[in-house]
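Colleague: Got a structure here, written out as structure tokens. Questions coming.
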Amino acid sequence: MEQEELVVKAITGDEDSFTLLMNEMQGRLYRMALSYVRNKDDALEIVQETVYKAYISIHKLQKPQYFSTWLIKISVNCALDYIRKSKKIIYMGKDIEDSYVPDDRGVAIDLYEALRVLDKKTRLAIVMRYFEDMPMKEIANILDMPLSTVKSIIYRGLEKLKINLEESEYNG
């Protein structure tokens, strides 16, 4: 069954369709949450909160074709709420999740160190674009920004990453 059909059924109250949709999206939600909190347990808690909020408000979703965008937006908001409530500092240190680690661990550590110095909005846009392979338009919808602004943020962020990575290569 196509995702849009499942969404329509879930909106009308079909719990099985909702469960199938969540199973399909769980990895993406987890990676998004993890990019914010850098801790497995906290990320799982954010995913759980996201699923709960989606479940109680899916009947409000107007356009089934935007389900993924809607769900990712809920996830981002849950992550930001979690950070605010727990007053935790986001640390992207050397405790890198295996799902993100390329074959060369040294490159991964340099990349995460370089990402760490970016501001939250830039880091999120880059993670969504290059780790989650999201289209620019979807990122713009999630961040409530014009497409041109998202493109500029990503372009400037990539330039900063390039400079940071070159400096770490030069100093390393």
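The values are calculated or read from the model by the stated rules, or taken from the named source; none is laboratory data. Keep in mind that this is a model prediction, so the values were computed, not measured. Glycine gets a Cβ as well: all are built from the backbone with ideal geometry, and neighbour counts include every protein chain shown. The accessibility values were calculated without ligands, DNA or RNA, using every heavy atom of the protein model including side chains. Shrake-Rupley method; radii C 1.70, N 1.55, O 1.52, S 1.80 Å.
Colleague: Looking at the structure I just gave you, is GLN65 within 25 Å of ALA140 (Cα to Cα), without any contact (Cβ under 8 Å) to a residue 40 or more places away in the chain and either open to solvent by 30 Å² or more (accessible area, probe 1.4 Å) or among the basic types (Lys, Arg) (or both)?
Modeller: no
Colleague: Take LEU118 and decide whether it is outside any helix (DSSP H, G or I) and touching a residue at least 12 places away in the same chain (Cβ under 8 Å).
Modeller: Answer is yes for this residue.
Colleague: A further question follows. What are the residues in segment 70-98 that are modelled with pLDDT of 85 or more and open to solvent by less than 20 Å² (accessible area, probe 1.4 Å), if any?
Modeller: Within segment 70-98, LEU71, ILE72, SER75, VAL76, CYS78, ALA79 meet the criteria.
Colleague: Inside segment 130-152, can you point out the residues that are closer than 16 Å to SER75 by Cα and part of a helix (DSSP H, G or I)? So that I can check it myself, show each step before the final result.
Modeller: Of all residues in segment 130-152, those closer than 16 Å to SER75 by Cα come to 131-132, 134, 138-144.
If the condition is that a residue be closer than 16 Å to SER75 by Cα and part of a helix (DSSP H, G or I), then PHE131, GLU138, ILE139, ALA140, ASN141, ILE142, LEU143 are the ones that fit.
Colleague: Sticking with this structure for a sec: Looking at segment 7-44 only, could you name the residues that are crowded, with 19+ Cβ neighbours inside 10 Å and of a type in the set (A, V, I, L, M, F, W, C)?
Modeller: If the condition is that a residue be crowded, with 19+ Cβ neighbours inside 10 Å and of a type in the set (A, V, I, L, M, F, W, C), then VAL7, ALA10, PHE18, LEU21, MET25, LEU29, MET32, ALA33, LEU34, VAL37, ALA43 are the ones that fit.
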